[in-house]
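Trainee: This is the structure I want to talk about, given as structure tokens.
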Amino acid sequence: MSKDIDEKTGIVYLYSSGNNTIITITDISGAETIARCSSGIITDKSRLKGTPYPAMKVAKIVASKALERGVKNMYLRVRAPGGIKSKIPGKGAQPAIRALIQAGLRIIRIEDTTPIDYDSMRKKGGRKGRRV
């Protein structure tokens with residue numbers, strides 16, 4: 001058998017906000033979750049969950065679980081909070097991507113799946129805004 005036939009392909013969903021980084025790996029159909037981990041598992045301090053170091057540790061954990069299951073290739077879907085919140089992924093996104101590559105996974109394609117509001121949502125706080 002060919003080497004390409006033996007290798008499985010998965011989808012990596014990387015959600016990165018200012019407060020947390022969550023990585024989930026599924027099979028190509030998206031029905032079966034292969035591995036899932038969050039920065040909250042790595043650090044017990046809330047202020048550190050959105051930083052690069054826990055994101056790298058999470059990526060290494062998830063990548064090792066995926067490699068055990070035989071997943072070598074991946075489609076990467078990066079997501080920021082979106083909507084009325086930040087449209088830019090947090091500080092942990094790039095280090096997590098680098099850690100996935102260093103762990104031995106091969107990226108086929110990177111997609112941005114951040115939700116975009118089309119002038120239909122209002123920021124919370126009411127008509128006069130948040131009063132401090």
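Trainee: Percent of Cα-Cα pairs per 5 Å bin, from 0 to the last occupied bin, for region 51-125, please list those.
Mentor: Histogram of Cα-Cα distances, whole percents per bin: 3, 15, 20, 21, 15, 10, 7, 5, 3, 0.
Trainee: Can you return the lysines within cross-link range of Lys85? Criterion is Cα-Cα under 29 Å, with same-chain partners fewer than 8 residues away left out.
Mentor: Within the straight-line limit of under 29 Å, Lys85 reaches these lysines: Lys45, Lys49, Lys57, Lys60, Lys123, Lys124, Lys128.
Trainee: Related question: Listing Met74, Met121 from the residue with the fewest other Cβ atoms within 10 Å to the one with the most, what is the order? Provide the component values of the computation, followed by the final result.
Mentor: Working: Met74 23, Met121 11.
Ranked by crowding around the Cβ, least crowded first: Met121, Met74.
Trainee: Most exposed first by the Cβ proxy, i.e. fewest other Cβ within 10 Å, how do Leu14, Leu105, Leu48 rank?
Mentor: Details: Leu14 26, Leu105 23, Leu48 13.
Ordered by Cβ neighbours within 10 Å, fewest first: Leu48, Leu105, Leu14.
Trainee: Running a GNM on the chain with Cα contacts under 10 Å, which residue among Tyr13, Tyr118, Tyr75 ends up with the highest mean-square fluctuation?
Mentor: Tyr118
Trainee: Per residue of region 72-88, what does 6.51 cos²θ - 1.76 cosθ + 1.60 with θ = phi - 60° give for ³J(HN,Hα)? Whole Hz please, x for Gly and Pro, Karplus curve as stated.
Mentor: 10, 9, 8, 9, 10, 10, 9, 9, 9, x, x, x, 8, 8, 5, 8, 10
Trainee: For Cα pairs less than 8 Å apart in space and 6+ apart in sequence, what is the mean separation divided by the residue count of the chain, i.e. the relative contact order in percent?
Mentor: Rounded, it is 27 percent for the chain.
Trainee: Next question. Using Cα springs under 10 Å in a Gaussian network model of the chain, which residue among Thr33, Thr21, Thr51 shows the largest mean-square fluctuation?
Mentor: Thr33
Trainee: Take the Cα gyration tensor of region 82-132, multiply each eigenvalue by 5, square-root it, and list the three semi-axes largest first, rounded to whole angstrom.
Mentor: Taking √(5λ) for each Cα gyration eigenvalue gives 35, 14, 5 Å.
Trainee: With the radius of gyration and the Kirkwood radius both derived from the Cα set of the chain, what is their ratio Rg to Rh?
Mentor: Expressed as Rg/Rh, it is 1.07.
Trainee: Next question, about the same structure. Would you please give the FRET efficiency between Val132 and Glu68, computed as 1/(1 + (r/R0)^6) with r the Cβ-Cβ distance and R0 = 35 Å, to the nearest 0.05?
Mentor: FRET efficiency, Val132 to Glu68: 0.10.
Trainee: Using Cα springs under 10 Å in a Gaussian network model of the chain, which residue among Ala93, Ala103, Ala63 shows the largest mean-square fluctuation?
Mentor: Result: Ala103 has the largest fluctuation of those listed.
Trainee: Under a plain spin-label model, where a point goes 7 Å from the Cα along Cα-to-Cβ, how far apart in nm are Tyr53 and Asp27?
Mentor: 3.8
Trainee: A follow-up question, please. Given the -39500 (n - 2.57) contribution per DSSP H run of 4+ residues, what per-residue ellipticity at 222 nm results for the chain, rounded to the nearest 500 deg cm²/dmol?
Mentor: -7500 deg cm²/dmol
Computed from the coordinates by the stated procedures, all read-outs in this text should not be read as laboratory data. Quick caveat, the model's predicted, so the values are computed rather than measured. Reconstructed Cβ throughout: ideal geometry from the backbone, glycine too, with neighbour counts over all protein chains shown.
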